[in-house]
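Derivation of every value follows stated rules applied to the coordinates shown; laboratory data play no part. Small disclaimer: the values here were computed from a predicted structure and weren't measured. Cβ atoms come from the backbone with ideal geometry, glycine included; neighbour counts cover every protein chain shown.
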Amino acid sequence: MPRAQFNEVLADSFRIDANGFADLDALLRASGAEVQYDVRRKDALEYVATEISDVLAEPNGDATQITRVAARLKDPNLELKLTFASRIECSASSTDRARLLQLTTDVKNLVRDRFGRGQSSVWGFLRAFLPVATLWLGLATQLIAYDVNQTGIDHRHDKAVAAYSQGLHRQDVAKQAAVKRAEAATRREAAAVEKSGSVARQLRFLVHQDAVPPPKLPTFPEPTYPRYGSQPLILHPLLMPIWMGVFFVLGLVLRPLVGPRQEGVFLLGAQINHREKMDRWRERLIWGVGVALGVGIVASLVAARL
């Protein structure tokens, strides 16, 4: 009689604990077939267990961490292999299509309802923290851009002020030189008149000096004092929350691209405390960063208003 086949990836990642394994074991044994578990550990140890209690008794520490569990059904008319590794894969075959459909449907429902999505602790932390990190990056980018632009404004203004001062200095030097040339010409003419010994000429020189206006000094365009530059609107301090929000959304968009795909997690033995500890630290860090960020935004807005 032809056998019906079933092959499907039930989940790209998972998080399974002792209760989940117990529910799975109860479901498989309800089929009436023999159940066995193929276990592989990080230290390369592999063994076959016929009782789920043997799997749950694993220490699952750093060196003995479980990397793969395959549940098998042994029955002439029904075969099933449910593999938990980096993802959950199911392959089954049976001569009884109705029985096969019922079992695979129950397994799929159990996976969907009980085995939450798992992830590696490091990459999971990075994914969770990425939006907050990009938010802070947005703040830092805005502040750095503001500071760099302000430095450029100050530098350009200082150069303009220096050019303005040099222009005034050149005008003063030119005026002083013109006055000196006029005085030198007057002295030379007075010396020539005195040397001539003519009283009439001396009188005419004196009368001429009283009637002639002072020498006309050269005129220069009055330099304009340089105006101080301003920041572009996009770098205004009041727009800082919008700037940070854009980077936060960018972090949300990029989060699925960070790191490898989510991994399977066996919450057994030492991994329970390890995962709980990592989750607590991650939650505290995210909350701490969030609170500090909120205080920083409020402080910046208050400072901008003042």
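Side notes on the structure shown:
- Shown for F14, F247: other C-beta atoms within 10 Å of each C-beta, ranked fewest to most, produce the order F247, F14.
- Under 28 Å from K108, Cα to Cα: lysines that are on another chain or at least 8 residues apart: K42, K74, K81
- Ordering T151, T134 from the fewest to the most neighbouring beta carbons within 10 Å gives T151, T134.
- Neighbours of D23 by Cβ distance under 12 Å: Lys/Arg scored +1, Asp/Glu scored -1, total -2.
- Exposure proxy ranking, count of Cβ atoms within 10 Å, fewest first, for Y37, Y164, Y146: Y164, Y146, Y37
- Cross-link partners for K175 among the lysines, with Cα-Cα distance under 21 Å and sequence neighbours closer than 8 places in the same chain left out: K216.
- Pair-distance distribution P(r) for region 1-61, from all Cα-Cα distances in 10 Å bins starting at 0: 16, 43, 34, 7, 1 percent.
- Annotation: average projected area of region 1-152 is 13.2 square nanometres, based on the convex hull of Cα atoms across all directions.
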